1. In debye, nearest 20, what is the charge dipole magnitude of region 15-117 about its Cα centre with +1 on Lys and Arg Cβ and -1 on Asp and Glu Cβ, if you could check?
2. Enumerate the calculated ³J(HN,Hα) couplings along region 6-11 in order (Karplus 6.51 cos²θ - 1.76 cosθ + 1.60, θ = phi - 60°), each rounded to whole Hz, writing x wherever the residue is Gly or Pro.
3. Let me have the 222 nm mean residue ellipticity of the chain computed from DSSP H runs of 4+ only, each contributing -39500 (n - 2.57), with the sum over all residues rounded to the nearest 500.
4. Count the lysine pairs in the chain that are 8 or more places apart or on different chains: how many have C-alpha atoms under 20 angstrom apart?
5. Work out from phi, with θ = phi - 60° and the Karplus expression 6.51 cos²θ - 1.76 cosθ + 1.60, the ³J(HN,Hα) of each residue of region 72-80, listed in order in whole Hz, and give x for Gly and Pro.
6. Sum up the charges of everything whose Cβ sits under 10 Å from the Cβ of residue 67, counting Lys and Arg as +1 and Asp and Glu as -1, but leave residue 67 out.
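Quick note: the coordinates plus some simple rules give every number you see, no bench work behind them. Since this is a predicted model, take the numbers as computed values, not measurements. FYI the Cβ positions are ideal-geometry reconstructions off the backbone, even for glycines, and counts take in every protein chain you see.
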Amino acid sequence: MLLSKEKILAAEDLPFRDVDVPEWGGVVRVRTMTGGERDAFEASIYDTDGAGVKLNRTDFRAKLLSKVLVDDKGARLFTDKEIAALSGKSAKAIQRLFDVAQEINGISKAEQEVIEKK
């Protein structure tokens, strides 16, 4: 069956996973990124200086999490301006959430290695 534009745009295609974060005393919702969020995330992790492109790992995990941590209505919990604050939280909690975010967003270990090599 061919999909119409209306069916594509109406599709609920942003699944999520609730993750227990004992360090923070509760559960956090991790959602799949939209295409635009994925593009913004990827753009935020590269620096260009005229001589080439370099991976910027500053707040790398928090940059991803800021795009995918959402409330019960699907609204982002953290803005881009709050990335540094999020990055200041428990490394163990951030890594747990980052692993889930990678998995549900199709960011494989191999893809991360390619990103790092670029």
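1. My answer is approximately 140 debye.
2. 4, 5, 4, 5, 8, 5
3. Values: 6 runs with 53 residues, N = 118.
Helices in the chain give a 222 nm mean residue ellipticity of -12500 deg cm²/dmol.
4. 18
5. 5, 9, x, 7, 4, 7, 10, 8, 4
6. Details: positive: 31, 38, 63, 76; negative: 37, 80.
After counting each charged neighbour, the total is +2.
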